[in-house]
Amino acid sequence: MTTRVKICGLTRPEDVEAAIRAGADAIGLVFFDKSPRAVSAEQAKQLAARIPAFVTLTGLFVNPEPAFVKQVLEQVPLDLLQFHGDETPEFCASFGRRWIKAIRVQEAGQIEQAFVDYQNACGLLVDAWDPDRYGGTGHSFNWQLIPEQRPLPLILAGGLSSANVASAIEQVRPWAVDVSGGVEQSKGRKDATKLSEFIKEVHRVCKTD
Ligand SMILES: O=C(O)c1ccccc1N[C@@H]1O[C@H](COP(=O)(O)O)[C@@H](O)[C@H]1O
């Protein structure tokens, strides 16, 4: 089965174009002002204009005010919302958009519980836990904590790069992978070569299945 690829934390038009050229299935824009990858709604609108049909434009939020999400939605044609904080299922569903929930994995049983709690999501994203940051840490976690039974599509994130994504896919068999730091030259600036190598690795390992 093909594993989809989401490239997250883009801030520059040339990076959006490089990601699409390389074959990204989804592009993530960060609407969290504490992130070095944050974009304004105005910037996001410019980036969104470069995204063709059949590439999913995703907006990442961390414990946002509802009014902020609504204001972004009025200006930017987001296809999918990604909630990466401590949002409840009711909150995530309250915008009338398709959404995914990110879980920062710390202990056994947490992912199973999230599949129950967030059962109306379009997917569950699993990322590394960090005491000081909500995500984009560049760290991976113990993939053994990911259950075989998955009532929702599972999106694997956290410390992925072209060096480990093939083994991640072989071990975890996720629906999709999500990467930010592993394809950057510096925070918020993607590297076209790393982007292309990452997506080539995903396609290579999926083809050998
Ligand atoms: O990218 C960020 O700065 C960020 C900030 C707050 C929450 C999530 C964030 N990014 C997401 O974190 C994961 C893993 O990123 P990485 O590949 O380990 O750098 C990914 O889903 C990013 O979209």
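The values are calculated or read from the model by the stated rules, or taken from the named source; none is laboratory data. None of the values given here were measured: they were computed from a predicted structure. With ideal geometry, Cβ positions are generated from the backbone for all residues, glycine too; neighbour counts draw on all protein chains shown. To get the accessible areas, we keep the full protein, side chains included, count just its heavy atoms, and leave off ligands, DNA and RNA. Shrake-Rupley method; radii C 1.70, N 1.55, O 1.52, S 1.80 Å.
Overview of results
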{"quantity": "Residue match in the range 65-77 (condition: of a type in the set (Gly, Ala, Ser), more than 10 Å from the ligand (Cβ to nearest atom) and not in a helix (DSSP H, G or I))", "calculated": "no"}
{"quantity": "Positions within the range 188-209 being of a type in the set (D, E, K, R) and modelled with pLDDT of 95 or more, in sequence order", "calculated": "Arg189, Lys190, Asp191, Lys194, Glu197, Lys200, Glu201, Arg204"}
{"quantity": "Flag if Phe141 is assigned to a loop (DSSP other than H, G, I, E, B) and either under 20 Å from Leu81 (Cα atoms) or among the basic types (Lys, Arg) (or both)", "calculated": "no"}
{"quantity": "Selection within the range 98-154 - in contact with a Ser or Thr (Cβ under 7 Å, 6 or more places away or on another chain) and more than 9 Å from the ligand (Cβ to nearest atom)", "calculated": "Asp130"}
{"quantity": "Test: Ser162 is hydroxyl-bearing (Ser, Thr, Tyr), under 17 Å from Gly59 (Cα atoms), modelled with pLDDT of 95 or more and over 14 Å from the mean Cα position of the chain (by Cα)", "calculated": "no"}
{"quantity": "Candidates Gly96, Gly123, Gly85, filtered to the one that is out of contact with any helix residue (DSSP H, G or I) (no Cβ under 8 Å at 6 or more places or on another chain) and without any contact (Cβ under 8 Å) to a residue 12 or more places away in the chain", "calculated": "Gly96"}
{"quantity": "Qualifying positions in the range 156-181 - among the hydroxyl-bearing types (Ser, Thr, Tyr) and either within 16 Å of Val126 (Cβ to Cβ) or more than 10 Å from the ligand (Cβ to nearest atom) (or both)", "calculated": "Ser162, Ser167, Ser180"}
{"quantity": "Qualifying positions in the range 1-48 - open to solvent by 30 Å² or more (accessible area, probe 1.4 Å), in a strand (DSSP E or B) and either under 16 Å from Gly181 (Cα atoms) or touching a Ser or Thr at 6+ places or on another chain (Cβ under 7 Å) (or both)", "calculated": "Ala38"}
{"quantity": "Candidates Thr88, Thr56 - the one that is of a type in the set (Val, Ile, Thr) and surrounded by fewer than 17 Cβ atoms within 10 Å (Cβ to Cβ)", "calculated": "Thr88"}
{"quantity": "Flag for Glu112 being more than 26 Å from His139 (Cα to Cα), part of a helix (DSSP H, G or I) and either open to solvent by 10 Å² or more (accessible area, probe 1.4 Å) or not small (Gly, Ala, Ser) (or both)", "calculated": "no"}
{"quantity": "Yes/no for Asp79 being in contact with a Ser or Thr (Cβ under 6 Å, 6 or more places away or on another chain) and open to solvent by 60 Å² or more (accessible area, probe 1.4 Å)", "calculated": "yes"}
{"quantity": "Test set (1) over 15 Å from the mean Cα position of the chain (by Cα); (2) charged (D, E, K, R); (3) within 12 Å of the ligand (Cβ to nearest atom) - Glu184 fails condition number", "calculated": "(1)"}
{"quantity": "Residue that is least open to solvent (accessible area, probe 1.4 Å), among those in the range 161-206 that are part of a helix (DSSP H, G or I) and basic (Lys, Arg)", "calculated": "Lys194"}
